[in-house]
Every structure is written in C-alpha cells, then in structure tokens.
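The structure appears right after this line, and notes come after that.
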Amino acid sequence: MGKVLQLREALREGMAEEMRRDENVFIMGEEVAEYNGAYKVTKGMLDEFGAKRVIDTPIAELGFAGIGVGAAMNGLRPVIEFMTWNFAVLAFDQIVNNAAKTLSQSAGDFKCPIVFRGPSGSAGQLAQQHSQTFESWLGNTPGLKVISCIDPADAKGLIKSAIRDDDPVCMMESEIMYGYKGEVPEDEYLVPIGVAAVRRTGTDVTIVTFNKMIIEAMKAAEELEGMGISAEVIDLRTIRPLDHKTIVESVRETDRLVVVDESWPLYGVSAEIAYEVQRYAFDYLDAPVVRVNSADTSLPYAPTLVAGYLPNPEKIIEAVRSVTYQNT
Amino acid sequence: MVAESKKKSDTSTKKNSKHKLAYSKEQYLSWYELMFRIRKFEEAALLAYNQQKIRGFLHVYIGQEAIAAGMESALIPGDAIITGYRQHGTAIGRGCTTKECMAELFGKATGVNKGKGGSMHFFSKEHKYFGGNGIVGAQIPIGTGIAFAEKYKGTNNLCVTMFGDGAARQGALHEAFNMGMTWKLPVLYVCENNQYAMGTSVTRTSNVQDIYKLGLAYDMPSEQVDGMRPESVYEAVKKAAVHIRSGKGPYFLEIKTYRYKGHSVSDPGHYRTREELKSYMEKDPVKMVEKVMLDSGEITQEELDNIQTAIKAEIKEAVKFADESPFPAPEELYTDNYSQPDYPFMKD
C-alpha cells in the first residue's frame, strides 16, 4: 500500500519526518524558508518548523556550508541545500577539505554528520555553468558518502538515512525530475546507503545507471525487448560507497555491460564500474564494456547541441547492440 | 582555564603603586606558567625537527604566547575555540598536555590525535578545541557554525574563532562576518596579526592595513589589541565576551603580535630586517611579563625559577614520551575515515 508522490514531496516528507524525530536537524540554504524553496522541495517547512530550523541564507555557499560543518562538529545535524550543485563548487573547500576530513584529522574525536543536497546534472537549455554533474568529483573523496537518485520512494528513504548517518553525505537530485512521480510506502521506512536497486531484470545485457539516466535506460530496455534483447537495468542510487557486488553478480549472469552515466567520460563513475567488472567478472565478459556518457565537452545552450550532448535511448540501444554484436 | 581574579585597586599594597600588579599574583603566575610552557614546548619542537624526529610542516607560536594566556583566562568552561595551523600554543592553552601534543608532532599513536593530525591538526573534544585548520581562513565559517550550534542549543557559550592576518584576506571571512552579524551568533573573531602572511607583509596584501576595520563594514564592534601583554588580551576578551553573551552578536579583536621564527621551519625570513626582528625581541611577551612580575616585588625570582625548572622538566619528559611512544599500527589507516564501522573501502 502506498501513495503517489513527486520527488520533491518525497524529499520533503523525508526531511520533515527526521526534523520531527530529532530536534538537532535543521535545514539551511538559499530560498529554503520564505520562498518555500527554489524548486519547492522545502515548501511549507518554515510554517511547520519555524525560522530557527528552516533558515534562509544570503548567497554565500562557502560561508553557509562552513557554518553547517561547524554546527555538525558541535552536535547538530544540518541539511545544507544548494540551489544547484553547480553553486556548491564555491563550497567545495568546506565539503572536501573539512566535512570529509574532520573525523580523520581529529582521529575520531569530531564527527561531521551533515547532509549537502541539491539538484545535479543538466536541466534543459541551462548552458555551461548550470548543467554539470558532480558524482565523480565527490565520489572520489574518502570521508564522504554520495547518493544520486530520482525515484521518489528511494529518495525519501535515502535522505532519512543520510540525515541519521554520522558521516557527511552529499545527495544529488535533479531539477527536471522534482515533479517525477512514484509510489511511496505509507509507513516509515529507510533505504540503506550503499545498496543498488535492480529496476528491471534481464538476461542478455546489464545496463548500470543512476539519477535521471534511469529514465533513458528504462526506455531503451523496453525498445530492446521488442528487438529480442533482454536488458537488466541497475540503478546505483549510491555512488560512494559503490555497490559493486550487485553489478558484478548481474554481469556474471548477462555477460555484457553498458554503463549509462550523465557525467563526463574521463575519470568518471562509468570508468570505475568498468574497472570493477574487468576485475571481478573478467572471465564472464563476452564483449568489452561500453559506456554512454555526456559528451566530453561543456554543454552549450542551443537545443541541437543539448540533444547531441546527453545520453538518450538511441545511444544506449546502439551501445547494447555493440556489446551484443548486432551492430554490423 | 583560569578564573578571573582582578585585584581591587584599593587593596593594600606594600609596593610602589607604579609597579604593582594589575591582577592577582595567582593570575600572573598562571599566565606566566602557560606562556613559558608554550615557549619551551616550541623550542623543543624546533630542536626535534632539526633532529628529523618531526617531519612535515611545523609552524611555531613563539612570540604569540600572551594571546593564548590572556584569552584563556577570560573564557568560561563551555566556550569553544577553533584556529588555523599555527596552533600548538592554542591547544596547550586549552588544556591539551605537552606530552600528547609532542607525541602528535612525532606522529606517534599516543598523540592527541593518535599521530593522524600532526602539527596543523590538534583537536580535543574534551577541551572544546575544534582544532587547527590547515586551509587558510576555512575555520572562520566553521567557528561561526560552532557558535550557531551554541545559540541553537540555548547555551551561554561562545566560540573564539581565530585566524591570522593572511586569512583576513579570504572571502570566507566576509561571508562568515556577514552571517554571524545577521544572526547575532555568539562568536568572538580574533585575528592574530603577526604581520606576515608567510612572506608577504600586511602592507602588501590590502589597501586596508588595520584589519579590525574589516569588522566595521558589518557594524561589528571591532578593536585593535596589544598582543604582547596577557593583561591587554585578557581585558579585551573579557569585554568582548560580555557583549557577546548579552546576545548582541559577534565581536572582532585584531590582536597585534609578532612571530619570532619563520612562517615554518623551512622559512629563513629574508623578508624581514634584522632591526625589525630585534625591536620585537625587546618586546618579547615572556620577558616582559617576567619584568612586570619582578618589578612589582610581589613575585620573587625564586618563584619564577621554580616554574621554569618544573616546566623544563615537563617538556623534557614530553619529548622522551614522544620519542619512546610507538607509531600508529598500519591498520589505523582505515580507522577514523568513516563513523560507519564496516565501511567498504576500495582496496583492490
């Protein structure tokens, strides 16, 4: 028994439940309170929790991320919303040099239980500075945990886990998926960090993906079904730690792997997954791993260029045909 | 922490009033003990560095001891401190022992952070010491956040957020000052202005050379303080703390000081003249406070000798302890990265 919620509503429910549960949880960011959130994720939260716990900041990402780190070190559990992860680049010093390293530097004396969250990735014709993904950047950093997902039920369960986690967690959502609907359980539940989900079972090829690329991958899988190819689709949900067990087990059954990753190709999540599979499923592979990424370029404004840049079902199908040797 | 013990001006004093101690004898001895302890700790650390017992960066606090002493005596239990990487003196002032601090510099498992932090990163939750931060200025927003948490929890505590003159030029300062003032957070910003950001003098880093003036842009009460005397630091911090605890928000003290050694041990300090260094040597805070005490006639040379002897023995013992302690076991590499006990590290 469930209810249908948009991604933004599911995230809001998750945060609100945790704020009701724990006085030390608060949310801080640009436009999160009086404006009800730039993307309405925090709509109504000011009314319920008041200005002490739902806090509008000036436009100062480095500063309020640092205030969050200090508050977390001193016993609170901040949720820091970035209007987009692109703006969080200004705050990377606090995320990478402090949140991620506080526990190690202090040899376990100071924990940093903080959630940094916001949308990541392209969202239409937003051009170069508003279209980037950051899973690879932050997934590279020990000390952090990184979640990236758009399924409403998962997002709710994961943000609750993230808020309760004693380690710093970065959560990547998606601007254009905030209205995406899905069934969410009525009762309280958590989704564990670090566990992937098999969205669709299949026997001929494994497609591994995350965030909104799951939509493209599922469309491709449906079309492939009509072409007689059975694709298994895995939604990573968490980028760090990586659930390589689920990936490797699937590839050991299907013998073929395509990775769909909106990040840039070089040194990215897709490269890491390909490494894991060659390391732990080498003898099973019937074809080289193929990946479908965004283009190795900045994302320009014009619609034709956006279309050329992003992964889509056609590109995914082509990749699958390649690993199944049907691209003759 | 040392309790306030300002002397009443009308108490009977046998000595010439010109020289009498402004605070109690106990207060002076307490300041002196801490300042001398920091001085001897740093001298021992420099020696151990030359012997290659300490590696990496080493930024010593010599010349700035009066700040740690004066500041601690004006705080209450529950107050927090965070600072930058020139932080041994601050940590010792908080109550970290010279043994555990020296062992940390030696990279030993018995160090205050198990040998994982080194010279720039001492932390102690027990003493509400939020550490030495190695990224110049990054601690300014963090200290503001520590203060945010105190206000959120409804305590009477403040957070002293310390940084150097170099950090005062970072953008993080302005973002933190702005939010600290907007939200009236209980934070005391302290700029230890030792006049050099590594090799670059304050005069070369900004058109605004009186750093306290940066606070005025945010309507923050801001003052310049003589950092060579524990008395002036104590008085300034005490006054600022009263303001902060009354709920009026942050206060900014630019404490003028001088570091006698280079930025780090690898720095010969060619950017300063011999004359400049000599003029500051004459203002050595340890020597000056000794003179104040002896001139008063209330404290004898013998009393100072006793403190010196005890501290020299303590530091010798700290070095021996550090030297003889074991390095961390190799498996410690994978501890303290995550709170999660079974975090699945990528190992192959």
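Every number in this text was worked out from the coordinates using simple rules, so none of it is lab data. Owing to the predicted nature of the structure, the values given are computational and were not obtained by experimental measurement. Because the Cβ atoms are built from the backbone with ideal geometry, glycine has one as well, and the counts that use them run over all protein chains shown.
Below are the figures for this structure:
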read-out: Folded to 0 to 90 degrees: helix A:152-164 orientation relative to chain A principal axis, Cα; value: 50 degrees
read-out: Segment A:142-250, relative contact order [Cα under 8 Å, separation at least 6], %; value: 34 percent
read-out: Distance between modelled label sites at residue A:286 and residue B:346, nm, 7 Å Cα→Cβ extension; value: 2.9 nm
read-out: Cβ-Cβ FRET estimate between residue A:314 and residue B:287, R0 fixed at 56 Å, reported to 0.05; value: 0.10
read-out: Average Cα contact separation per residue, chain B, under 8 Å, 6 or more apart, as relative contact order %; value: 22 percent
read-out: Segment B:188-300 - percent relative contact order, Cα under 8 Å, separation 6 or more; value: 33 percent
read-out: Which of A:164, B:274, A:8, A:237 has the fewest Cβ neighbours within 10 Å, and the rest in rising order; value: B:274, A:164, A:8, A:237
read-out: Size-normalised alpha-carbon gyration radius of the protein assembly as shown, reference 2.2 N^0.38 Å; value: 1.10
read-out: GNM result for chain B, Cα springs below 10 Å: residue of B:125, B:213, B:261 fluctuating most strongly; value: B:125
read-out: R0 of 45 Å, Cβ-Cβ distance residue B:314-residue A:195: FRET efficiency to nearest 0.05; value: 0.30
read-out: Theoretical ellipticity at 222 nm over chain B - DSSP helices of four or more residues, -39500 (n - 2.57) apiece, nearest 500; value: -12500 deg cm²/dmol
read-out: Expected 222 nm ellipticity per residue - DSSP helices of 4 or more, -39500 (n - 2.57), all of chain A, to 500; value: -10000 deg cm²/dmol
read-out: Nearest-ten-degree value, helix A:269-280 long axis tilted from longest Cα axis of chain A; value: 60 degrees
read-out: Euclidean distance between Cα centres, segment A:162-206 to segment A:1-34, Å; value: 15 Å
read-out: Estimated dipole of segment B:24-322 in Debye, rounded to 20 [Cβ of Lys and Arg +1, of Asp and Glu -1, Cα centre]; value: 940 debye
read-out: Overall form of chain B per C-alpha gyration tensor (a/c, 1.5; a/b vs b/c); value: rounded
read-out: Acute angle (nearest 10 degrees) that the helix A:7-21 long axis makes with the longest principal axis of chain A, alpha-carbon atoms; value: 40 degrees
read-out: Whichever lysines have a C-alpha closer than 16 Å to that of residue A:245, once near sequence neighbours (fewer than 8 apart) are set aside; value: B:347
